[in-house]
Amino acid sequence: MKNFKQFTLWFGALMFLLSCGSPHNPQLIIDKAINVSGGGLLDSSNINFNFRDKHYIAKRNKGDFFYGRSFVNASDSILDVLTNRGFERFVNDDFKPIPDSMAVKYSSSVNSVHYFSVLPYGLNDAAVNKEYLSKVVIKNNPYHKIKITFNEEGGGEDFEDVFVYWVHTETFMVDYLAYSYAEDDGVGLRFREAYNERYIKGIRFVDYINYKPIDGNASLLSLDSLYESKELKELSRINLEQVKVE
């Protein structure tokens, strides 16, 4: 009996080690994707860019962060600030108290732009769950298809959103991503194709072509197939302009 227990423990440990080294281990794939995109350089970085009519700044320092968004509304200069301590709004350099419901809305908006700007950085946060789905081919290139979900605790206001990432099996670049999100009348779906790749001081930045399915009954996991069969329609371009890394 003793030998059997020892064998069971040894076999379990071996299976764990083998699974960790599996080419289909989602954690290892995401680790590599983050690394080739600049990974550790983002841990301590200052990034500025323009997105549409607003200017964004992100300062990260080993877990501490400052996410800013500035713009002009009528004749007022607005600065939104999201940090580890919470959200604040300044109007013409003066602190402006706002209702909690609006603070949640503005905070989510600021965080979303900064989150997407440096993907896949952030996918190793404690609230993130990873699941390997399959290996697929898009435009004759092989990809790992990985599903991302979030825990309610630490997952933010939109923790119920579900993401899918397509990570190239050789370069480990994230070339496509998709997500589902709650709408008033159901679930919305988006598929993004990365383009205009550039490295700035070792950090990878891309822009995205933003699509939605033509078929209102499409599912999140079918979006890569619908993209291949040209059954998605372009909605917008997600372009980061004047990106600077300090």
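The values are calculated or read from the model by the stated rules, or taken from the named source; none is laboratory data. Quick caveat: nothing in here was measured; it's all calculated off a predicted structure. Using ideal geometry, Cβ is built from the backbone for each residue, glycine included, and neighbour counts are taken over all protein chains shown. Ligands, DNA and RNA are excluded from the accessible area calculation, which covers all protein heavy atoms including side chains. Shrake-Rupley method; radii C 1.70, N 1.55, O 1.52, S 1.80 Å.
Details
- Isotropic mean projected area of the C-alpha convex hull, the chain (nm²): 17.5 nm²
- Structural descriptor for the stretch 24-100: relative contact order 15 percent, calculated from alpha carbon pairs under 8 angstrom and at least 6 residues apart.
- Whole-number accessible area per residue in Å² for the chain, which is evaluated in the context of all protein chains at 1.4 Å: 57 Å²
- Per-pair calculated FRET efficiency, R0 = 25 Å: N239 and V91 via Cβ, rounded to 0.05: 0.35
- Between helix 100-117 and the chain there is an angle of about 60 degrees, using the helix long axis and the longest principal axis of the Cα atoms.
- Just the protein heavy atoms count here, and of the accessible area of the chain at 1.4 Å, carbon and sulfur take up 51 percent.
- Using the average count of surrounding beta-carbon atoms within 10 Å as a protection proxy, the listed peptides 96-107, 60-71 rank, highest first, as 60-71, 96-107.
- Computed from label points 7 Å out along Cα-Cβ, the spacing between D215 and E170 is 3.1 nm.
- Measuring how big the stretch 167-246 is from its alpha-carbon positions, Rg and Dmax come out at 14.5, 45 Å.
- The residues neighbouring N92, those whose beta-carbon lies less than 15 Å from its own, together hold a net charge of -3 under the Lys/Arg +1, Asp/Glu -1 convention.
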